[in-house]
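Since the structure comes first, as structure tokens, the remarks are kept for the end.
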Amino acid sequence: MDLPVDEWKSYILQKWSLLPKAVRVTISTAETLSDIFLHSSSLLQPEDEMFLKKLSRGYSVGKDPDAPFFYREEGNKKFQEKNYIGAAVLYSKGVSHCSPDTEDISLCYANRSAALFRLGQYEVTMQSVVDPQEKAMALPPPPLEAWNISRSKESFVTSSKQVRLATGIFPVVSLLNHSCSPNTSLSFAGTVVTIRATQQIGKGQEILHCYGPHESRMSIAERQQKLKSQYFFDCSCPACHTEELRTAVGPRWEAFCCNSCRALMKGNAVLSCDTRSCAESISRDHLLSRLQQLQQHVEMAQKLLRNGKLEQAIQQLLVYQQDAKSFLWREHTMVGKIEDNLAQAYATLGDWQKSAAHLQKSLQVVEARYGPTSVEVGHELFKLAQVLFNGFAVPEALNTIQKAEKVLMVHVGPQSSEIKELQEMRSCLLDLPPALVGPSV
């Protein structure tokens, strides 16, 4: 391969000549590759990585897309055998075949840091996870797409997406067992992690944390696969046990409704209306086909929204809203997405009343899926508070600010930007003269 090997060798020789004699003797007299690895790994500095990146910037090497998975699985086998050095080497090989900003590189880096941690290489472990632009959490939940209102002289709507940036080692937090329906929530501020209870925890009750796969974000099959792959155990938490017992009815956010009476449809291959007096039945495949078409239409409307064609986007979304109501359960995720898109479009136009009305419907769907005290509901309440604030709907805004602050305080803590903005909005609204108070929503 056409790589700058000679330049890198020269750089290493220069670094070697600058090492203290005692360190060079220790490495030179090491009897095994394991000893050499342990002694040398702690010498790697950030500037070394920067030099290597600069050196190799002009060179390209073909990467095998199947290699990261192969080396990660082989590394997992070594890890289970407690051969942590072998595991770290294999994870490193996986990293070398990964493309940037992919799940593969996240998993390889995270697994390698776990192997290094078991070897007692704590500083190297931290170096392996401090670059947030390249290394992400091993088990990221699906990104939560959102929009909010920028605080400026002329408020405007901006889109955002939550992204996990890095893996960290927190030995005390690592003592907590996993549950797909935990009773705690974690928030991070720099290198400090805070654990807060999300529900009442009685004396003697176990404190549980979610390792990533949550019952409201993933199916049981996906959760089990990720936990087995990353943490090597089969989850048997109450949430998994309950979901295994479900048969005829799936999650409400994926359910269908009867076209005749709007009641819940139940069944497997063929769905039947839950109302005894209604004889409506239909194949699941037919409804899934309709849902797929609706998703494609909504995506086209979202594209219009992104391109600033607001009136056209609203017109189409209102049609899709009626279509969704004819066969999707009122708590279906797609119903909430349509309402949220309409809220975003009206907010961009400055029609705060209509925006708030659609956002409240979207909030109902989010609450049904994630629960009234979830961080997802907290973010939706924050968004609704912004809309009501901009519309000068003072009583409703103050009430929503209070709800959002209560939920988000548990999940993100008092120092978060959202909490601070909520507090600023409250102060501003309380100082408004009565003449500026707008109509109720």
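Assess whether residue 372 counts as being under 20 Å from the mean Cα position of the chain (by Cα), loosely packed, with under 15 Cβ neighbours inside 10 Å and under 25 Å from residue 186 (Cβ atoms). When the stated conditions are applied, residue 372 passes them.
For residue 279, are the conditions met, namely being of a type in the set (A, V, I, L, M) and part of a loop (DSSP other than H, G, I, E, B)?
Working: of a type in the set (A, V, I, L, M): yes; part of a loop (DSSP other than H, G, I, E, B): yes.
Taking the combined requirement at face value, the residue satisfies it.
The set of residues in the range 224-238 that are of a type outside the set (Asp, Glu) and under 28 Å from residue 104 (Cβ atoms) comprises 224, 225, 226, 227, 228, 229, 230, 231, 232, 233, 235, 237.
Every test in (1) in contact with an Asp or Glu (Cβ under 6 Å, 6 or more places away or on another chain); (2) closer than 30 Å to residue 182 by Cβ; (3) not in a strand (DSSP E or B) is passed by residue 242 save one, and that test is (1).
Of note, residue 152 does not satisfy the criterion of being surrounded by 18 or more Cβ atoms within 10 Å (Cβ to Cβ), modelled with pLDDT under 85, out of contact with any helix residue (DSSP H, G or I) (no Cβ under 9 Å at 6 or more places or on another chain) and among the small types (Gly, Ala, Ser).
Within the range 167-193, the set of residues being touching a strand residue (DSSP E or B) at 6+ places or on another chain (Cβ under 8 Å), surrounded by 14 or more Cβ atoms within 10 Å (Cβ to Cβ) and among the β-branched types (Val, Ile, Thr) comprises 173, 184.
Residue-by-condition table, conditions (1) of a type in the set (A, V, I, L, M, F, W, C); (2) buried (at least 20 other Cβ atoms within 10 Å of the Cβ); (3) at negative phi; (4) at pLDDT 80 or above:
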site	(1), (2), (3), (4)
73	no, no, yes, yes
97	no, yes, yes, yes
101	no, no, no, no
106	no, yes, yes, no
112	no, yes, yes, yes
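Entry remark, the range 156-213: residues being modelled with pLDDT under 80 and of a type in the set (D, E, K, R) number 2 in total. Please indicate, with yes or no, whether at least one residue in the range 288-308 is farther than 30 Å from residue 346 by Cβ and not in a loop (DSSP other than H, G, I, E, B). Yes, the range 288-308 contains a residue that is farther than 30 Å from residue 346 by Cβ and not in a loop (DSSP other than H, G, I, E, B). Among the residues here, residue 305 qualifies as farther than 30 Å from residue 175 by Cα and in contact with a helix residue (DSSP H, G or I) (Cβ under 8 Å, 6 or more places away or on another chain).
Could you identify the single residue in 377, 410 that is among the β-branched types (Val, Ile, Thr) and either in contact with a strand residue (DSSP E or B) (Cβ under 6 Å, 6 or more places away or on another chain) or surrounded by fewer than 15 Cβ atoms within 10 Å (Cβ to Cβ) (or both)?
Details: 377 fails: either in contact with a strand residue (DSSP E or B) (Cβ under 6 Å, 6 or more places away or on another chain) or surrounded by fewer than 15 Cβ atoms within 10 Å (Cβ to Cβ) (or both).
Every option except 410 fails the conditions.
Residue under question is residue 432, and the condition is that it be modelled with pLDDT of 85 or more, over 23 Å from the mean Cα position of the chain (by Cα) and among the hydrophobic types (A, V, I, L, M, F, W, C); does it hold? Step through it out loud before you land on a result.
Values: modelled with pLDDT of 85 or more: no; over 23 Å from the mean Cα position of the chain (by Cα): yes; among the hydrophobic types (A, V, I, L, M, F, W, C): yes.
Answer is no for this residue.
Take the conditions (1) touching a Leu at 6+ places or on another chain (Cβ under 7 Å); (2) at pLDDT below 80; (3) hydrophobic (A, V, I, L, M, F, W, C); residue 130 misses just one of them, which is (1). Taking the range 325-418 and the helices (runs of 4 or more DSSP H) fully enclosed by it, the elements with 1 or more residues that are touching a residue at least 12 places away in the same chain (Cβ under 8 Å) and in contact with a Cys (Cβ under 9 Å, 6 or more places away or on another chain) are at 375-390.
The values are calculated or read from the model by the stated rules, or taken from the named source; none is laboratory data. Please read all numbers here as calculations on a predicted model, not as lab measurements. No Cβ is skipped: glycine too gets one built from the backbone with ideal geometry, and neighbour counts run over all protein chains shown.
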